[in-house]
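The values are calculated or read from the model by the stated rules, or taken from the named source; none is laboratory data. Predicted model only: the values in this text are computed from it and were never measured. Cβ placement follows ideal geometry from the backbone for every residue including glycine, while neighbour counts extend to all protein chains displayed.
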Amino acid sequence: MKSHIDPSSVRIGLLGYSDIATRKFIPAIQKCKNSCLKAISTRNPEITRSKSPETPVLSHEELLASPLIDLVYLSLPNHLHEEWAIKALEAGKHLICEKPLSTSLASSLKILDAAKSNKRLIYENQMFLFHPQHALVKAMINSGKIGRVRELRSVFGFPMPAEGNFRLDPDQGGGSFHDLARYPLGIAVYLLNSIQEEFHGCSTCKSGINTSVNGVTVTANSELFSFSISFGQQYEAFYEIVGETGKIRVERAYTTPAERENRIFLTVGSKTSETVVPAVDHFQLMIEEISNIILTDSDFTHLNRQAEIIARLADQMEKGCMENRYEL
């Protein structure tokens, strides 16, 4: 059953009661001016009701059949994304899908075909790109602060997930590649020119699970893009843009807390200056922007196209970096 959009507020249903949904997405919705949380679906309803007593708890099937839901946020384990994304789109729901969209290019294209067939928006949740710090970095680059761009370096790693976490289960689409690759890819597509679909690198595995990926490629404008993603290390989440005459660095670039201001460091020669970026909730900004597109019936094909670009690049990254594998 297809829903009829409330002209003042997008009604959101959560397909899955994940850690990121409870820690980040729900608090963000509660601050949004143009959307509201209408229902949660879960396979553990009693636990969910005890934690969110004010929100109706449904089965997955009931949520998708509800005419009171306009937009679904899907945060189930990775191996379930294809099945439930397609079901949501065929039920007439717009979709925000947690990263990765799916675990293979073929699977991602099936989801995108369903979005096209049902004329529905799909956004792979790269919420960090809505933080204004990245637009400021882009403006610095475009204004010539660092000269011609030579390289983007991106790093995202953190301690090993706890035992039992789906990130450590290959049958659930776990591993550092599926969990983290969309971050460096997302910022590279945003900041650089055309990225070549040819990556070279290596990866590591431990007990059957991918624990790190390191790689490099070059854009059509001869800009180097290098990245490192990893489980089982000290927390790092930064990128650097290196130009012929300067360098820009952003710490905590992908997981900037909603309550924390951040800083952009610009180095030219021996002098470093910083730009303070006020605290914002990038989840909130993302939800409000997607909701506004739905409420105003605006064109959303660029979002679907963006998801396809990232899926194709991820496929090439996997082929170029995962085959050269070292067992730890």
Filtering the stretch 317-328 down to residues that are assigned to a helix (DSSP H, G or I) and either surrounded by 18 or more Cβ atoms within 10 Å (Cβ to Cβ) or in contact with a Pro (Cβ under 9 Å, 6 or more places away or on another chain) (or both) yields Met317, Glu318, Gly320, Cys321
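Conditions tested, residue by residue: (1) more than 16 Å from the chain's Cα centre (by Cα); (2) of a type in the set (A, V, I, L, M, F, W, C).
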site: Phe158; (1), (2): yes, yes
site: Gly175; (1), (2): no, no
site: Tyr183; (1), (2): no, no
site: Ser194; (1), (2): yes, no
site: Ser203; (1), (2): yes, no
site: Phe225; (1), (2): yes, yes
Discussion item. For the stretch 37-60, check the following and say yes or no: at least one residue is assigned to a helix (DSSP H, G or I) and at pLDDT 95 or above.
Written reply: yes
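Across the stretch 61-95, what is the total count of residues that are of a type in the set (A, V, I, L, M, F, W, C) and part of a helix (DSSP H, G or I)? Full working, then the answer.
Step one: filter the stretch 61-95 for residues of a type in the set (A, V, I, L, M, F, W, C), giving 63-65, 68-69, 71-72, 74, 76, 80, 84-86, 88-89, 91, 95.
Next, only the ones that are part of a helix (DSSP H, G or I) stay: 63-65, 80, 84-86, 88-89.
Looking only at that region, the number is 9.
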Regarding Ile141, is this residue surrounded by 16 or more Cβ atoms within 10 Å (Cβ to Cβ), part of a loop (DSSP other than H, G, I, E, B), of a type in the set (Val, Ile, Thr) and over 22 Å from the mean Cα position of the chain (by Cα)?
no
* Asked: Is the stretch 11-24 home to any residue that is more than 21 Å from His302 (Cα to Cα), surrounded by fewer than 19 Cβ atoms within 10 Å (Cβ to Cβ), in contact with a strand residue (DSSP E or B) (Cβ under 6 Å, 6 or more places away or on another chain) and at pLDDT below 95?
  -> no
Checked pairs for the stretch 219-238, first exposed (fewer than 14 other Cβ atoms within 10 Å of the Cβ), second in a loop (DSSP other than H, G, I, E, B) and modelled with pLDDT under 95, C-beta under 7 Å and 6 or more apart or across chains, list as Ala220/Asn193; Ala220/Ser194; Ala220/Gln196; Asn221/Asn193
The lone condition Lys119 fails out of (1) assigned by TED's automatic domain parsing to the domain that holds Glu61; (2) surrounded by fewer than 19 Cβ atoms within 10 Å (Cβ to Cβ); (3) touching a residue at least 12 places away in the same chain (Cβ under 8 Å) is (3)
